[in-house]
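Engineer: Once you've had a glance at the structure underneath, I'll fire off some questions.
The values are calculated or read from the model by the stated rules, or taken from the named source; none is laboratory data. This is a predicted model, so every value here is computed, not measured. Here Cβ is always computed from backbone atoms with ideal geometry, including for glycine, and neighbour counts include all displayed protein chains.
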Amino acid sequence: MNRTHYTPSRRSYYQSSNISKTETTHRRFKKRSIILFILFIAGVFAFNSQITHAGDHKSATPIYSHKQTVCIDPGHGGADPGASSNDGLITERDINLTVALKLRDILNAQGYEVFMTRTSNSVSMDNRVRYTYCNDHHASVMVSVHHNFFDDDTVDYAMDLFYKPVDKGLANSIVSATASKLNITDNGIAQFEDGVLSESTMPAAVSEGFFITSSDEYSLLTDSTSTRLADEASGIASGIVTYLNNPAKANAAAETNIQTLDRSSD
Ligand SMILES: [Zn+2]
């Protein structure tokens, strides 16, 4: 064997050990080098594992452990109140934001990074601003939070809107989980040409969680002990996570839940 083949670190070990230059010691030296290398690698793994666990215990701020990011768009806002309860006291502008902020917190706590098109009720924005914001942030999915309305206050169900074929699985996962969480009818998904859906560059959905004009919902929303909006946020979050974990499965399931939109949507 030729000593010139040794790496500098091997040579320094060799020299400091004062081992004779016979073939036998070379073989012994090679064996010891391999063992030392294995111990070094094991040490590096153990050290990294300690750092990770220490970080888990120490940090109270969310660590974005998922590669996927979520852009949440609370519908309406500012001069545009959207639909409202029959007495006009509860507006989409307000409850869309409340649900969206709770949804952000749930997703943050689960390690997802979230972008919000608005975090205040005093902001007016058009659809172009909303989808451009989400597109510029390269979000994995975009979800607009809305609530439905109708002139019959006994009508209440969950429904999601999609436009692009790639939106279907996300929309269906959200409506299924939301209806289940709120214990109302899952009215499926319907295609609707809306700017945030057609112009967004990622899978997107408009969540119409429940009817803001429903008398049952009104009773819950005006009951201070009710967790209606938190439950809705939890359902939407669950649907988003289900979709992100297996988009192909969600897309396949969506094909059986497509409805025709028979009224206008706000
Ligand atoms: Zn709306």
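Engineer: Hey, among SER180, SER214, which residue is in the same structural domain as ASN86 (by TED's automatic domain parsing) and more than 16 Å from the ligand (Cβ to nearest atom)?
Structural biologist: SER180
Engineer: Right, next: Restricting attention to region 67-109, and to residues there that are part of a loop (DSSP other than H, G, I, E, B), more than 15 Å from ASN127 (Cα to Cα) and not polar (S, T, N, Q), which single residue is nearest to the ligand (Cβ to nearest atom)?
Structural biologist: This residue is ALA83.
Engineer: Are any of the residues in region 222-237 part of a strand (DSSP E or B) and either under 19 Å from the mean Cα position of the chain (by Cα) or more than 16 Å from the ligand (Cβ to nearest atom) (or both)?
Structural biologist: No, region 222-237 contains no residue that is part of a strand (DSSP E or B) and either under 19 Å from the mean Cα position of the chain (by Cα) or more than 16 Å from the ligand (Cβ to nearest atom) (or both).
Engineer: Kindly provide the set of residues from region 197-219 that are without any contact (Cβ under 8 Å) to a residue 60 or more places away in the chain and over 27 Å from the mean Cα position of the chain (by Cα), ordered by number.
Structural biologist: Selection gives SER219 alone.
Engineer: In region 110-126, which residues are surrounded by fewer than 20 Cβ atoms within 10 Å (Cβ to Cβ) and not in a strand (DSSP E or B)?
Structural biologist: If the condition is that a residue be surrounded by fewer than 20 Cβ atoms within 10 Å (Cβ to Cβ) and not in a strand (DSSP E or B), then GLN110, GLY111, THR119, SER120, ASN121, SER122, VAL123, SER124, MET125, ASP126 are the ones that fit.
Engineer: Looking only at residues that are of a type in the set (Asp, Glu) and touching a helix residue (DSSP H, G or I) at 6+ places or on another chain (Cβ under 8 Å) in region 145-171, which one is surrounded by the most Cβ atoms within 10 Å (Cβ to Cβ)?
Structural biologist: Top of the filtered list is ASP160.
Engineer: Which members of region 137-157 meet the condition of being part of a strand (DSSP E or B) and away from the ligand (no atom under 14 Å from the Cβ)?
Structural biologist: Listed by number, the residues that qualify are VAL141, MET142, TYR157.
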